[in-house]
């Protein structure tokens, strides 16, 4: 599913960032640009809204919309490796590659197949400034906003993540940080997701989403073919006894990345390198071929 207009500039940004070895920089164009004060205000208002009676009603509506969207987007999505989640009954952190505004619906589809009805998603605070339907979902669905403020991360964010995991919920954290549109390759992760898993003593549910090109073009577009998803559920990564949080988080991060790399190489039949080629962008029809 494609949102927004021209993607050639985004793809140029991906090509340039990959060439520099900067895999967690923003490549999208037109995203909200906020001051630190605006970011803090958005996050503060988000948590204040949760104390109001209206929030519960809006949350139910948002979750209904998410369920419907997941069914529409993932009619052809395959789930492989679900047996790896057998026996996991408590809280967990889910990690996956981030390549589309609605790629979390593929993970949510997988989660529902385990019998669970909710998936909490960590989202950048700038998403709270979005308008329309997406803005409503960012503000009222099962999201947990993240901002770079150290005090917020150490207190409000940590408390809410800990409460969710202690209550047995699954929380999705994108370790790649920024979304790279339709980028097939798993990018080197940041340590945050693994820190929270290690700190709370829960496993990381490692996932990799393969993107398969279809022969039909996207509606009203000549620059992209349609795609479908295959969610690969990989073996969970557990914190080990006898290691501190830092040691565990680093080891879990490295193991998760190793699994995603292996899943990529198996899915696409070639070694993972970060030399950019046109096929790195799923479904894309380069300008010369249109």
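Values in this text are rule-based calculations from the coordinates and carry no lab data. Note that the structure is predicted; figures quoted are calculated from it, not measured. Ideal geometry is used to build each Cβ from the backbone, glycine not excepted, and the neighbour counts take in all protein chains shown.
Annotations
- Gap separating the Cα centres of the stretch 95-113 and the stretch 10-63, nearest whole Å: 17
- Projecting the alpha carbon convex hull of the stretch 139-290 along each direction and taking the average yields 11.7 nm².
- Antiparallel DSSP beta bridges within the chain, percent to nearest 5: 40
- A protection proxy built from the mean count of other Cβ atoms within 10 Å ranks the segments 35-46, 161-172, most packed first, as 161-172, 35-46.
- Considering only the Cα atoms of the stretch 94-203, their convex hull presents on average a projected area of 7.2 nm².
- Listed peptides 182-192, 52-62, 142-152, 75-85 appear in the order 182-192, 142-152, 75-85, 52-62 once ranked by packing, highest mean of other Cβ atoms within 10 Å at the front.
- With contributions of -39500 (n - 2.57) from each DSSP H run of at least four residues, the per-residue ellipticity at 222 nm computed over the chain stands at -12000 deg cm²/dmol.
- Stokes-Einstein translational diffusion, the chain - Kirkwood Rh over all Cα pairs, 0.890 mPa s, 25 °C, in µm²/s: 124
- Rh (Kirkwood; distinct C-alpha pairs) - the stretch 155-222, Å: 14.7
- Over the stretch 8-129: Kirkwood hydrodynamic radius from C-alpha pairwise inverse distances, Å: 17.5
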